Each structure stands twice: as C-alpha cells, then as structure tokens.
Amino acid sequence: MINDKMGAKELPMAGIILKDGNSEQVKTGEWRNQKPIHILENCKHCMLCVMPCPDNAIIHDEDDKMLGFDYDACKGCGVCAKVCPFKAITMENE
Ligand code: SF4
Ligand code: SF4
C-alpha cells in the first residue's frame, strides 16, 4: 500500500516501459485523459502530424490521406495538435 510517508526507494515499480516502440502491444491509450479529434474540413493531408507522434497513432492510407487516430495507442500528449499548421486537430477532455 502506497502512502505519503514512503520514500522513493520504497515505492513499487509502475509505469515502466522496458522496450521502446511497444505502444501497440501495451495499449498506451489507457493512459489518456485527453484525446485528439480530427477536424476533416481543415485537414490538408500534409502528414506533418505523423512523424512527431510518439505512439505511431496517426492513421493514414498509402496515398498519405490522414484518416484519424489509433485510440488504443494514442496517449493524448497533444503533440499532433500543436504541430498541425491548419488547426485540423483539437484536444478534447475525456
Ligand atoms: S498536420 Fe494537420 S493538416 Fe496535416 S495531415 Fe495532420 S491533421 Fe491534417
Ligand atoms: S495526442 Fe497525437 S501525437 Fe500524442 S499520441 Fe495521440 S495521436 Fe500521437
């Protein structure tokens, strides 16, 4: 049982990621308290949001058309919304 008298060395291990690139296996979407919403009418399908996403959670097709988000993997960090130059992604509380 965790309490506020415990030191750092007494705390149990939690939230440790032992391997990188594993968000698809561990469903990091469960960590999310905000989720990105795609505003299709603003989207220019420029793909600028794809590379910065730490969870590879931007779904797009082979023709580079942005299709939305993999909410099983998306942690809700909001990076995609910050980098989108066309305000085509907004963050919504869950
Ligand atoms: S950065 Fe914005 S405009 Fe470009 S693909 Fe992503 S959502 Fe669409
Ligand atoms: S909020 Fe955007 S950048 Fe962050 S994990 Fe989700 S899809 Fe990726």
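Here, each number is a calculation from the coordinates, and none is a lab measurement. No experiment lies behind these values; they were computed from the predicted model shown. With ideal geometry, Cβ positions are generated from the backbone for all residues, glycine too; neighbour counts draw on all protein chains shown.
Are any residues in the stretch 46-63 under 21 Å from GLN25 (Cβ atoms), more than 6 Å from ligand 2 (Cβ to nearest atom) and touching an Asp or Glu at 6+ places or on another chain (Cβ under 7 Å), and if so, which ones?
ILE59
If you check MET6 against the conditions, is it in contact (Cβ under 8 Å) with a residue 12 or more places away in the chain and more than 9 Å from ligand 2 (Cβ to nearest atom)?
Working: in contact (Cβ under 8 Å) with a residue 12 or more places away in the chain: no; more than 9 Å from ligand 2 (Cβ to nearest atom): yes.
Taking the combined requirement at face value, the residue does not satisfy it.
Mind listing whichever residues of the stretch 64-94 are of a type in the set (Asp, Glu) and more than 8 Å from ligand 2 (Cβ to nearest atom)?
ASP64, ASP72, GLU92, GLU94
Within the stretch 25-47, count every residue that is surrounded by 15 or more Cβ atoms within 10 Å (Cβ to Cβ) and not in a loop (DSSP other than H, G, I, E, B).
So the answer is 6.
Taking the residues in the stretch 48-91 that are at positive phi and within 11 Å of the chain's Cα centre (by Cα) as candidates, determine which candidate is farthest from ligand 1 (Cβ to nearest atom). Walk me through how you get there before you give the answer.
Narrowing the stretch 48-91 to residues at positive phi: 56, 64, 68, 76, 78, 87.
Now drop any that are not within 11 Å of the chain's Cα centre (by Cα), which leaves 56, 76, 78.
Details: ASN56: 14, GLY76: 15, GLY78: 13 Å.
Ranking the qualifying residues of the stretch 48-91, first place goes to GLY76.
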